[in-house]
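A.B. asks: Input: one structure, supplied below.
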Amino acid sequence: MPSSVPDHMEFPQQDDLLYLNHAAVAPWPQRTRDAVCAFAEANCSLGARDYPKWLGVEQRLRQRLAWLIGEVDTDEIALLKNTSEGLSVIAQGLDWQAGDQIVISDQEFPSNRIPWQALANQGVQVVEVNLDVDDPEQAIIEALTPSTRLVSLSAVQYGSGLLMDMAPIGKACRERGILFCVDAIQILGALPFDARACMADFVVADGHKWMLGPEGLALFYCRREVQPKLTLRQHGWHMIANPGDYTRKEWKVADNAKRFECGSPNMLGVHALEASLSLLQETTMDTVADRLAERVQYLIDGLLQRGASLLSPAAPERCAGIVTFTLPGEDPAATFQRLKQGGVVCAERGGGVRFSPHFYTSYSVIDRALALL
């Protein structure tokens, strides 16, 4: 076991709770709880008197999100409700032609499959690529054809935890004039990520997993050059060039990513996610990734010592924060229920039991969860 690490002050440990489920919904840091409580108190006592200050928090959130995905321009970032909405904006916004193809993997969460499959009535074909091969990136690239219009791929697969190298895929797409969309919900907040380095046209991610934020607020990155390619299917007061001029009869769409935000912002979620990201930014993503890697390796070692079979990659370069496993002679559903009864918060995914610690997770939590096996 690595040297003793004190419990993180933002996440006090609870004796009856062993939290290993950040790939689903994460606990909030204390600063996030405090930000939400302060916002609620202000609403009760002052209403919207300080709305200009709220807009300042919203701008800080955009700046933190821009930092999180590689210091992109804040004009390329929109705040949407969730990952599914962001992917649907793309799916419903592009001008599809019968015969167009969309390439995804065979391991995608439904949010990165259903919006594309819903285009079947327009003659669009979804091609699912098997990732259970020695070189999954090359498998994606080899699936590209002259009919391929878009590749939409999770940076980390939710069931297996497979970490993809997005750069060669993005490069291949850019060279062929194919749009590249990254579902980043299982990587942002866990590992460093650079949207420009992987040549992504779109990056979409909800804030309630590794970003340690609330449900109901998501990052939607759309590269500036691509924004005009998306036909807007929702319209409202907030997505125009002059949203504060309520009496103007003529209007035009905003010339930045705010064009995808049709109505009033989720200010409660904004205050929560901004606070959560402030913790990650203060910690730095390199530190977060290093600490998470130590815990993942410790977890893998402990599982293998107990005879578990890993369904997740063991190679460090293929690991993010997800470790999925089975135990010999026991159905995963039974293992999951046994762990649940012992106070472990985890998930049954990808044909096994999925553990997902974070950078702050105490080694004692991991030890106690392993002991239940």
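A.B. asks: Report, ordered by the first and then the second residue, all pairs with beta carbons closer than 7 Å, sequence separation of six or more or different chains, a first member in the range 4-17 that is over 18 Å from Lys340 (Cβ atoms), and a second member that is of a type in the set (Lys, Arg) and at pLDDT 80 or above.
C.D. replies: So the pair list comes out as Glu10/Arg31.
A.B. asks: Another one. Give just the number: which of (1) part of a helix (DSSP H, G or I); (2) open to solvent by less than 50 Å² (accessible area, probe 1.4 Å); (3) in contact (Cβ under 8 Å) with a residue 40 or more places away in the chain does Ala24 not satisfy?
C.D. replies: (1)
A.B. asks: Oh, and also: Suppose we filter Ala190, Ala195, Ala200 for residues that are of a type in the set (A, V, I, L, M, F, W, C) and either open to solvent by 10 Å² or more (accessible area, probe 1.4 Å) or more than 29 Å from Arg149 (Cβ to Cβ) (or both); which single one remains?
C.D. replies: Values: Ala195 fails: either open to solvent by 10 Å² or more (accessible area, probe 1.4 Å) or more than 29 Å from Arg149 (Cβ to Cβ) (or both); Ala200 fails: either open to solvent by 10 Å² or more (accessible area, probe 1.4 Å) or more than 29 Å from Arg149 (Cβ to Cβ) (or both).
Answer to the selection: Ala190.
A.B. asks: Which residues, taken from the range 37-79, are under 30 Å from Ala197 (Cβ atoms) and touching a His at 6+ places or on another chain (Cβ under 8 Å)?
C.D. replies: Val57
A.B. asks: Would you mind telling me which numbered condition in (1) buried (at least 16 other Cβ atoms within 10 Å of the Cβ); (2) out of contact with any Cys (no Cβ under 9 Å at 6 or more places or on another chain); (3) under 21 Å from Ile185 (Cβ atoms); (4) not charged (D, E, K, R) Gln281 fails?
C.D. replies: Just one mismatch for Gln281, condition (1).
A.B. asks: Pick from Ala254, Ala241: which is over 30 Å from Phe11 (Cβ atoms), surrounded by fewer than 17 Cβ atoms within 10 Å (Cβ to Cβ) and among the aliphatic types (A, V, I, L, M)? Even if it seems obvious, please write down each step before you answer.
C.D. replies: Details: Ala254 fails: surrounded by fewer than 17 Cβ atoms within 10 Å (Cβ to Cβ).
Of Ala254, Ala241, the one residue that is over 30 Å from Phe11 (Cβ atoms), surrounded by fewer than 17 Cβ atoms within 10 Å (Cβ to Cβ) and among the aliphatic types (A, V, I, L, M) is Ala241.
A.B. asks: Quick check on this structure: which one of Leu292, Leu268, Leu304 is farther than 18 Å from Ala218 by Cβ, modelled with pLDDT of 95 or more, among the hydrophobic types (A, V, I, L, M, F, W, C) and open to solvent by 60 Å² or more (accessible area, probe 1.4 Å)? Talk me through it step by step, then tell me what you get.
C.D. replies: Working: Leu292 fails: open to solvent by 60 Å² or more (accessible area, probe 1.4 Å); Leu268 fails: farther than 18 Å from Ala218 by Cβ.
One residue alone meets the criteria, Leu304.
A.B. asks: Tally up the residues in the range 307-317 that are in contact with a strand residue (DSSP E or B) (Cβ under 7 Å, 6 or more places away or on another chain) and open to solvent by 50 Å² or more (accessible area, probe 1.4 Å), please.
C.D. replies: Residues flagged as in contact with a strand residue (DSSP E or B) (Cβ under 7 Å, 6 or more places away or on another chain) and open to solvent by 50 Å² or more (accessible area, probe 1.4 Å) within the range 307-317 amount to 2.
A.B. asks: Count, please, the residues in the range 335-370 that happen to be outside any loop (DSSP other than H, G, I, E, B), under 14 Å from Leu299 (Cβ atoms) and hydrophobic (A, V, I, L, M, F, W, C).
C.D. replies: Initial filter on the range 335-370 (outside any loop (DSSP other than H, G, I, E, B)): 335-341, 344-345, 347-349, 352-356, 363-370.
Pick out the ones that are also under 14 Å from Leu299 (Cβ atoms) and you get 339, 344, 352-356, 363-370.
Subset that is hydrophobic (A, V, I, L, M, F, W, C): 339, 344, 353, 355, 365-366, 369-370.
Final tally of qualifying residues: 8.
The values are calculated or read from the model by the stated rules, or taken from the named source; none is laboratory data. Model, not experiment: these values are computed from the prediction. Cβ atoms come from the backbone with ideal geometry, glycine included; neighbour counts cover every protein chain shown. Heads up: the accessible areas ignore ligands, DNA and RNA and are worked out on the full protein's heavy atoms, side chains in. Shrake-Rupley method; radii C 1.70, N 1.55, O 1.52, S 1.80 Å.
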